[in-house]
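Reading through the structure tokens given below for one structure.
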Amino acid sequence: MDMKLLEDALALIECGSLSRAAERRHVTQPAFSRRIRALEDWVGAPLLERGPNQVALSPELLEAEPEIRALLARTRQLRKRFASREGHGLTMVLATQHALAADVFPSVFASFADRRPEISWRLRTLNREDCVSLFVRGDADLLLCYEARGFPPLPFDTSVGRRVWRGDTLIPVVGGSARHLIDAEGRLTEAVRVLSYPNDSHFGRLLAQTGLSEAFPRAVTGGREVESAFSVGLLELICRGAGVGWIPYTMCRSSLASGELVSLARNYGAIPLDITLFALEKNRLALDIVHAI
């Protein structure tokens, strides 16, 4: 049996619906439904209770969650045991947010690659919640993500080692032709589109909780015409003059230095962030990486 089908089942249990589980697994809902049916064919029993207008998880599937987790964990350990034999390289899986993959991960990689050249790296870029889920399930050796200063940290216990890699700041920026719509005080003078994050995304929640999602007065906003959780895409749009938006400083610092972007943080606020690296205490190699960088 393809073990990915069990991972599909676990995603379904965690998400509670076919549509959300399909999104997490990066497939269409029809394709995800076919995979669940394939798993049902293999086990010889239905895992979903399908009604005329709704689909619910069967009690048998929910009760099997601990066994599914244990089986997947044992399988991962077996793969690692074979991979770590003498003459074979090691593979470290790092889960990180899209916003950190382009600039920060290369720095983490460079700080350790020369010391352990036999290690191969596999980078998984997802939204923050899915990165955490991947790490907690044991499908990633390392977790690299943002934590907002002044907010509760990720609720890991002592079984997880952590280290702040560096600081960062979520700042409002404007670029392209729109950067000429700023007065001498650094305020926007005309209506500009706000390029925003979804309310259920990590940055979207931070902006809402700090009140900064409404930082730009109605008089100078041109409506939320673009919404995306993909900060790299929003940055490109902002650089092209499509509007104003919130971008991590590490991601846009070169554009700020060149004048392609202008920071509006002085008048519209900013959110200080920490870039934190996590590893399980029992994963000695991953923990060594955390403490070595």
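None of the figures in this text is laboratory data; all of them are computed from the coordinates on show. The model shown is predicted, which means the values in this text are computed figures rather than measured ones. Cβ atoms come from the backbone with ideal geometry, glycine included; neighbour counts cover every protein chain shown.
Assorted remarks:
- Distance between the pseudo-spin-label points of residue 118 and residue 187 (7 Å out from Cα toward the beta carbon): 6.3 nm.
- Only one residue of 3, 268, 53 has its Cα farthest out toward the positive end of the dipole of the chain, where Lys and Arg carry +1 and Asp and Glu -1 on Cβ, and that residue is 3.
- Sites listed here are trypsin sites (Lys or Arg not before Pro) in region 94-171 whose DSSP assignment is loop and whose Cβ has at most 11 other Cβ atoms within 10 Å: 115.
- Enclosed volume per residue, in Å³, of the convex hull spanned by Cα atoms of the chain: 159 Å³
- Take 194-204, 169-179 and order them by the average number of nearby Cβ atoms within 10 Å per residue, most first; the result is 169-179, 194-204.
- Ratio of the Cα radius of gyration of region 183-293 to 2.2 N^0.38 Å, where N counts its residues: 1.29
- Degrees between helix 65-83 axis and first principal axis of the chain (Cα, 0 to 90, nearest 10): 90 degrees
- Positive contributions from Lys and Arg (+1) and negative ones from Asp and Glu (-1), summed over other residues with Cβ under 12 Å from the Cβ of residue 254, come out at -1.
- Region 4-66 - charge dipole about Cα centre, Lys and Arg +1 at Cβ, Asp and Glu -1, debye rounded to 20: 340 debye
- For the pair region 237-293 / region 6-73, the C-alpha centres are spaced 35 Å from each other.
- Using Cβ point charges alone (K and R +1, D and E -1), the dipole size of region 129-230 about the Cα centre works out to roughly 240 debye.
- Highest mean packing comes first when the peptides 234-241, 282-289 are listed by Cβ atoms within 10 Å, giving 234-241, 282-289.
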